[in-house]
Amino acid sequence: MKTCFGSRTGKKVLAFLIFVVAMAVGYTQEPSSTGRLIDFTWTGQVSTDWNTAGNWSPATVPPATASIIIPVGCLQYPVITGLATVVAGDVHISTGATITIGYAGSLTVTNSLTIDDSHGLEIQSSELGTGSLISGAISGAGTAWIERYITGYTGPPDGRHFLSSPVLDQPVVPNFSPGPYDEMYRWDEPTDYWQNYHVHLWPTMILCEGYLVSYMSTATKFFDGVPNTGSYDMTNLSYTATTVYHGWHLLGNPYPSALKWNNGDWNLSNVQFICKVLNPGGTYTDLGPNSVIPAANGMMVWVNGPTNSLTIPAAARVHDTTRWYKSADVTENRLKLTAYANSDNTYQETVVGFDGGATEEYDLYYDSRFFQGVSQSPTMWSATPSQHSLSTNITPTTALPGTFVVYFSKGDASIYTMTASGMETFPPDVTITLEDLVADTTQDLRQDPNYLFTSSFNDQMNRFKVHFSGYTVINEKGEELISVYACDKSIMIVNNSGKLIRQVVVYDVPGREVYRRNRISDNMLKIDMNGKCSGCYLIKIFTEGESYCKKVFLN
């Protein structure tokens with residue numbers, strides 16, 4: 001006789017029958033994965049709401065430290081929805097049981113998560129967002145079903161996304177394999193080329209690697225496996241000096257949760273402090289420290305030579321249900337210019353600004369090299385005195401009053417609107433003016449941040465100048481809270497912020513890490529630099545929720 005117990009619905013029916021039998025003979029509490037008795041057991045007698053006391057035994061919503069079991073036999077299983085973040089100590093999902101994290105829900109398991117059944121955990125995704133999981137070690141014979149809602153391709157900038165897998169060795173076929181008119185690429189640094197899946201047919205998505213995808217039809221695809229939870233070290237990413245875009249790598253967020261870029265836990269060595277994410281305009285947005293990279297998204301990272309390293313840290317995981325990239329706020333003394341095409345959806349961003357630790361030339365800690373978007377989009381960048389093309393260009397505060405030359409080349413469109421943002425991050429007496437050398441016009445960006453212009457292929461590329469005037473000193477961020485100075489071949493750090501210093505890292509001018517120390521509780525730290533070369537050193541200091549930069553010169 002055929003039964004339906006092999007199907008998902010059939011499993012629920014079978015589970016309910018088991019539950020009825022268990023209730024008849026008396027239910028016995030089982031040990032958690034840590035060996036302790038379960039503090040709370042899900043019953044689902046009222047609803048699917050985790051935060052309803054009547055759904056638990058005992059009839060109390062579990063506290064954050066509780067050990068929890070989701071047993072077989074419940075007609076209703078927990079669905080975490082809304083903007084809720086649920087925190088639990090240990091969670092055990094039994095065979096036949098499930099936990100569902102809705103598109104706007106999030107679950108933190110501070111200790112261990114055990115999944116005993118195939119798809120015992122489901123993380124949903126929709127056009128409104130994607131659910132989020134942060135967990136300790138995951139064990140058990142089961143897997144998670146992790147959805148990814150991907151909008152279809154509608155034009156050159158739309159429908160292209162950076163994608164990465166939150167599980168190990170996710171097969172490309174069948175769920176992510178591109179059809180004849182779909183696209184899937186990976187960036188190959190040695191050849192300076194986007195490799196096409198239709199040619200190379202790689203079988204699985206590699207851990208911590210990003211992919212550029214576009215599908216003709218909107219669909220909810222899914223990953224199937226055990227969610228990644230560890231930290232991942234990467235060393236000596238390739239650097240092919242003879243190529244145009246040498247040093248760039250498309251990495252991937254390996255977690256089913258968002259990730260804070262460069263929050264102090266990434267251990268960057270000879271790696272640019274700004275990464276790039278793909279934006280809806282077919283180009284790239286620069287993300288500085290503490291910017292959010294959503295779950296299963298990719299990010300472009302640049303290395304400054306063949307000797308380099310970084311850690312993708314589990315400690316940087318955060319809950320953020322945004323499906324794709326989350327644009328970072330413009331930070332202190334930064335002006336962002338965005339050139340929007342008026343006839344399509346393409347746009348290009350560039351950032352200019354000032355910082356006390358920056359130099360006129362390219363700085364690994366403040367600047368970002370330019371990377372070309374889709375061919376239909378405009379290009380825009382500024383340059384160093386030695387003509388390095390930068391999408392973020394930060395110069396020293398001693399350059400004030402100062403001028404940046406901004407290069408522009410049209411895409412498919414001929415009419416553009418230049419929009420300026422970030423004026424509020426400068427002191428109010430700084431005048432910011434845009435000069436158009438082709439149209440022979442100037443515009444005060446504080447008075448009107450939007451500038452309409454036409455462009456042709458015959459226009460000079462060094463078309464714009466951005467003038468900053470009216471102010472000559474900008475205080476370095478945190479100067480009154482964190483003081484750094486050189487004394488007798490030592491670097492002295494005085495902490496008046498009242499916060500624990502999580503990490504101090506010292507870099508030399510080429511970007512090599514020369515010193516690192518974690519968790520400094522003293523108000524003063526002396527770093528012995530005896531034996532180090534004379535010259536400039538950059539000191540990065542991370543406290544809870546803040547980061548500071550300071551440059552010192554050792555004789």
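Within the full protein context, the accessible area of Y153 is estimated at about 70 Å² for a probe radius of 1.4 Å.
Pairs of Cα atoms in the stretch 259-309 fall into 10 Å distance bins, from 0 up to the last occupied one, in shares of 25, 54, 20, 1 percent. In the chain, the longest principal axis of the Cα atoms and the axis of helix 8-25 are about 50 degrees apart.
Pairs over the 18 Å Cα-Cα cut-off, from the set K526/K550; K276/K465; K260/K499; K336/K465; K276/K540; K260/K551: K276/K465; K260/K499; K276/K540; K260/K551.
Could you work out the mean projected area of the convex hull around the alpha carbons of the stretch 79-178, in square nanometres to one decimal?
That works out to 7.2 nm².
Just the number, please: percent antiparallel of the DSSP beta bridges in the stretch 51-159, rounded to the nearest 5. Expressed as a percentage, antiparallel bridges in the stretch 51-159 total about 5.
For the pair S126 and A59 in one chain, pulling the backbone fully straight at 0.36 nm per residue adds 20.9 nm over the alpha carbon distance.
D for the chain, whole µm²/s, Stokes-Einstein with Kirkwood Rh over alpha-carbon pairs at 4 °C and 1.567 mPa s: what number? Show your work: numbers first, answer last.
Numbers: Rh = 25.9 Å.
Approximately 50 µm²/s, per Stokes-Einstein.
Place a point 7 Å from Cα of K532 in the direction of its Cβ. Which residues in the stretch 259-280 have their backbone N less than 15 Å from it? Once the point is set 7 Å along Cα→Cβ of K532, 270 turn out to lie under 15 Å by backbone N, inside the stretch 259-280. Its convex hull of Cα atoms gives the stretch 515-554 a direction-averaged projected area, equal to a quarter of the hull surface, of 3.3 nm². Accessible surface area normalised per residue over the stretch 61-124 is 29 Å², counting heavy atoms of protein chains with a 1.4 Å rolling probe. When the P(r) of the stretch 177-278 is calculated, the portion above 19 Å amounts to 54% of the C-alpha pairs.
A cut-off under 10 angstrom between Cβ atoms defines the neighbours of T403, and their net charge, with Lys, Arg +1 and Asp, Glu -1, is 0. Heavy-atom accessible surface of R502, to the nearest 10 Å², is about 60 Å², with a 1.4 Å probe and all protein chains retained. As a calculated quantity, the FRET efficiency between Y181 and R446 at R0 = 41 Å, using C-beta atoms, amounts to about 0.30. A helix-only calculation puts the chain at -1000 deg cm²/dmol for mean residue ellipticity at 222 nm, using -39500 (n - 2.57) for each DSSP H run of at least four residues, averaged over all residues. For S483 and L75, a Förster radius of 60 Å and the Cβ-Cβ distance give a FRET efficiency of 0.45, rounded to the nearest 0.05.
With both bridge residues required to lie in the chain, what share of the DSSP beta bridges run antiparallel, to the nearest 5%? Just about 80 percent of them are antiparallel. For the stretch 125-247, the Kirkwood hydrodynamic radius comes to 16.2 Å, computed from all pairs of different C-alpha atoms. Grab the other residues whose beta carbon is less than 14 angstrom from that of D344, score K and R as +1, D and E as -1, and report the net. It works out to a net charge of 0. The modelled label-to-label distance for the pair N342/W194, using points 7 Å beyond Cα in the direction of Cβ, is 2.8 nm. If you find the alpha carbon centre of the stretch 163-224 and of the stretch 335-385, how far apart are they in angstrom? After rounding, the separation between the Cα centres reads 28 Å.
Could you tally the net charge around C533, taking each other residue with its Cβ under 13 Å from the Cβ of C533, Lys/Arg +1 and Asp/Glu -1? Here the charged neighbours net out to +2. Heavy-atom accessible area with a 1.4 Å probe sorts E424, E513, largest first, into E424, E513. Full extension of the segment from S386 to K499, taken as 0.36 nm per residue of separation minus the current Cα-Cα distance, would add 36.7 nm. Surface composition of the stretch 94-227: carbon and sulfur atoms hold 56% of the protein heavy-atom accessible area at a 1.4 Å probe. Placing dummy labels 7 Å off each Cα toward the beta-carbon, the span from D429 to A219 is 6.1 nm.
The values are calculated or read from the model by the stated rules, or taken from the named source; none is laboratory data. Values in this document were obtained by computation on a predicted structure and should not be read as measured data. So basically every Cβ, Gly included, is an ideal-geometry build from the backbone, and we count neighbours across all protein chains shown. Accessible surface is based on the protein model in full, side chains and every heavy atom, while ligands, DNA and RNA are left aside. Shrake-Rupley method; radii C 1.70, N 1.55, O 1.52, S 1.80 Å.
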